[in-house]
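A quick write-up on the structure given underneath.
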């Protein structure tokens with residue numbers, strides 16, 4: 001890659017980025033580099049040790065007197081005394097071992113809410129600047145996160161930058177965080193030459209532990225960033241806000257032009273699937289399941305890595321033809337389904353959940369031969385887990401799944417009703433389910449964890465609300481994490497977004513043009529809410545940015561069924577030509593493109 005002369009000092013690290021991102025770094029690195037100051041290594045203590053002989057000298061202790069001088073004392077004692085009196089004796093001078101400064105540079109980053117957005121780009125630039133500083137001094141650079149348990153990482157690849165960007169947290173740096181790091185740093189096996197802390201509102205620190213502090217803050221009007229370096233002297237620089245499009249790419253870890261990277265080549269094919277059931281996405285974001293057309297079961301596809309050369313991992317799992325599937329879901333690492341016959345419900349592929357008597361229609365409406373999979377979520381816990389199912393009439397039921405090592409679990413083997421008049425539900429975090437129910441004229445949002453505990457949040461009037469979309473957020477664990485309510489206005493969708501507590505804007509109204517459909521809610525970078533939409537022709541997936549729209553991908557054929565997983569941020573779209581497309585919204589990356597049209601040969605798999 002050809003770099004401008006001004007960027008040559010950092011070329012070893014800038015080669016990880018796409019060419020169009022380099023101007024942003026040219027500005028950042030050029031402005032920040034002068035604030036580093038001289039290298040300040042910490043001297044190792046103790047008396048220097050001799051390291052061989054250096055030279056002869058006229059002064060020294062007599063145990064280092066030259067051997068020939070002692071011979072003179074025996075043969076000519078008067079001459080020996082004369083030389084001693086006038087200082088003419090020769091002594092051996094030892095070579096002293098040079099004491100070098102400690103060659104370890106440590107930088108600790110604040111990954112909390114005060115450093116979201118453009119401040120993280122300063123973190124990237126600072127890591128590159130210190131990497132160059134360490135290389136010039138023959139030193140080693142290690143980095144860590146202040147809010148995490150004390151652990152240092154090398155800086156040897158672009159993956160380390162992505163690891164730093166992924167280390168977001170909702171907690172600011174506390175005194176307890178810093179004390180843990182102080183104890184660890186003072187007991188480190190290798191003396192630390194420089195210790196940098198980069199963040200905002202950092203706890204006070206002694207100079208012997210933290211040699212440099214970098215305060216990164218946004219200006220009051222939001223138009224610039226202020227960077228203040230505190231060491232022996234204080235230096236300050238003001239940075240303009242970077243280009244939003246390039247900044248978003250970098251903050252999502254898209255360093256190598258991944259925005260335009262094609263989907264991994266699927267060396268293989270998948271069996272034919274039905275076009276009436278939506279794809280099922282694992283919350284871990286690594287697998288997708290679809291209902292098979294020619295056999296009673298599921299085809300499960302593991303998403304390939306970016307440059308995977310191995311054939312596509314496709315597995316078929318079958319159940320009995322006598323049972324009708326109501327839904328399918330990923331339950332931890334396993335894939336399961338709820339199957340029904342006239343007498344009972346069977347929880348196929350879910351150990352610890354015995355069959356139950358089929359509930360009546362007034363308790364749980366489950367018409368046989370349902371085309372769409374009913375919404376289902378499995379929440380796992382250490383002792384007991386829960387499996388939730390929402391029927392077409394708003395009845396939300398659950399079953400308790402017993403852990404193999406815990407035999408004393410009450411409530412297994414029976415259907416439990418959680419709520420009625422439920423509009424929508426979804427998994428919104430690793431172990432949290434959210435749902436919105438109608439209570440008279442009002443709507444309430446609820447969250448539930450695996451042991452049944454949860455919280456409630458009043459939204460507003462229920463009039464005209466027909467659909468709910470949920471944003472994934474850790475805030476659902478103890479409160480409200482954000483959702484959007486749909487109403488219709490002259491055959492056009494109108495979405496009212498309710499933000500999580502502490503957001504800059506409490507509510508946001510999004511009016512869609514005729515034919516556009518909202519399919520998902522994205523809480524991007526924990527800052528703003530974006531609406532995922534399906535185009536009127538059902539051949540494009542678009543992200544609504546308020547006054548702007550970003551096309552994520554298009555299809556050659558009409559999208560017949562699609563799913564969006566708020567937790568993993570994956571969209572799985574199945575076209576009328578049975579082409580499956582899986583797209584990652586956070587990474588802006590097509591993960592998979594494969595045709596699910598393979599004719600049946602032999603039935604392989606397992607039966608319920």
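At a glance:
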item	result
Hits in segment 431-460 - residues which are over 20 Å from residue 522 (Cα atoms) and part of a strand (DSSP E or B)	437, 438, 439, 442, 443, 444, 448, 454, 455, 456, 458, 460
Whichever residue in segment 488-537 is within 20 Å of residue 589 (Cα to Cα) and part of a loop (DSSP other than H, G, I, E, B) and, among such residues, is modelled with the highest pLDDT	535
Residue among 428, 401, 409 that is without any contact (Cβ under 8 Å) to a residue 40 or more places away in the chain and either over 21 Å from residue 323 (Cα atoms) or in the same structural domain as residue 291 (by TED's automatic domain parsing) (or both)	409
Flag for residue 434 being crowded, with 19+ Cβ neighbours inside 10 Å, assigned by TED's automatic domain parsing to the domain that holds residue 346, touching a helix residue (DSSP H, G or I) at 6+ places or on another chain (Cβ under 6 Å) and more than 17 Å from residue 507 (Cα to Cα)	yes
Members of segment 138-159 that are in contact with a strand residue (DSSP E or B) (Cβ under 6 Å, 6 or more places away or on another chain) and in contact (Cβ under 8 Å) with a residue 24 or more places away in the chain	139, 140, 141, 142, 143, 144, 145, 146, 152, 155
Total residues in segment 508-523, condition exposed (fewer than 13 other Cβ atoms within 10 Å of the Cβ) and out of contact with any strand residue (DSSP E or B) (no Cβ under 6 Å at 6 or more places or on another chain)	1
Residue in segment 96-104 that is at pLDDT 85 or above and closer than 30 Å to residue 227 by Cβ present	yes
Failed condition for residue 358, given (1) touching a strand residue (DSSP E or B) at 6+ places or on another chain (Cβ under 8 Å); (2) in contact (Cβ under 8 Å) with a residue 24 or more places away in the chain	(2)
Flag for residue 445 being free of Cβ contacts under 8 Å to residues at least 60 places away in the same chain and touching a strand residue (DSSP E or B) at 6+ places or on another chain (Cβ under 7 Å)	yes
Selection within segment 18-76 - over 45 Å from the mean Cα position of the chain (by Cα), at pLDDT below 80 and part of a loop (DSSP other than H, G, I, E, B)	46, 47, 48, 49
Index of the failed condition, residue 463 passing every other in (1) more than 24 Å from residue 417 (Cα to Cα); (2) in a strand (DSSP E or B)	(2)
Check on residue 111, within 60 Å of the chain's Cα centre (by Cα), assigned to a helix (DSSP H, G or I), modelled with pLDDT of 85 or more and assigned by TED's automatic domain parsing to the domain that holds residue 210	no
Selection within segment 416-430 - surrounded by fewer than 18 Cβ atoms within 10 Å (Cβ to Cβ) and either assigned to a loop (DSSP other than H, G, I, E, B) or under 30 Å from the mean Cα position of the chain (by Cα) (or both)	420, 421, 430
Any hit, segment 149-159, residues being closer than 30 Å to residue 6 by Cα and assigned to a helix (DSSP H, G or I)	yes
Selection from segment 554-574 of residues that are assigned to a strand (DSSP E or B) and at pLDDT 95 or above	559, 560, 561, 562, 563, 564, 565, 570, 571, 572, 573, 574
Single match in 467, 393 (criterion: in the same structural domain as residue 357 (by TED's automatic domain parsing), surrounded by fewer than 18 Cβ atoms within 10 Å (Cβ to Cβ), over 28 Å from the mean Cα position of the chain (by Cα) and in contact (Cβ under 8 Å) with a residue 40 or more places away in the chain)	467
Answer residue from segment 66-90, given it is touching a residue at least 12 places away in the same chain (Cβ under 8 Å) and in contact with a helix residue (DSSP H, G or I) (Cβ under 9 Å, 6 or more places away or on another chain) and is surrounded by the most Cβ atoms within 10 Å (Cβ to Cβ) among those	89
So residue 127, is it modelled with pLDDT of 90 or more, closer than 30 Å to residue 172 by Cβ and either surrounded by 14 or more Cβ atoms within 10 Å (Cβ to Cβ) or in contact with a helix residue (DSSP H, G or I) (Cβ under 8 Å, 6 or more places away or on another chain) (or both)	yes
Some residue of segment 117-124 being assigned to a loop (DSSP other than H, G, I, E, B), over 22 Å from residue 34 (Cα atoms) and assigned by TED's automatic domain parsing to the domain that holds residue 229	yes
From the options 552, 581, 543, 592, residue that is under 21 Å from residue 521 (Cβ atoms) and either over 23 Å from the mean Cα position of the chain (by Cα) or buried (at least 20 other Cβ atoms within 10 Å of the Cβ) (or both)	581
Qualifying residue in segment 244-252 (condition: out of contact with any strand residue (DSSP E or B) (no Cβ under 6 Å at 6 or more places or on another chain), surrounded by fewer than 18 Cβ atoms within 10 Å (Cβ to Cβ) and in a loop (DSSP other than H, G, I, E, B))	no
Looking only at segment 184-207, and only at residues there that are outside any loop (DSSP other than H, G, I, E, B) and in contact (Cβ under 8 Å) with a residue 24 or more places away in the chain, the one that is surrounded by the fewest Cβ atoms within 10 Å (Cβ to Cβ)	184
Criterion violated by residue 254 - all others in (1) at pLDDT below 90; (2) closer than 20 Å to residue 321 by Cβ satisfied	(2)
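The values are calculated or read from the model by the stated rules, or taken from the named source; none is laboratory data. Because the structure is a prediction, the values reported are computed rather than measured. We place every Cβ from the backbone using ideal geometry, glycine too, and count neighbours over all the protein chains shown.
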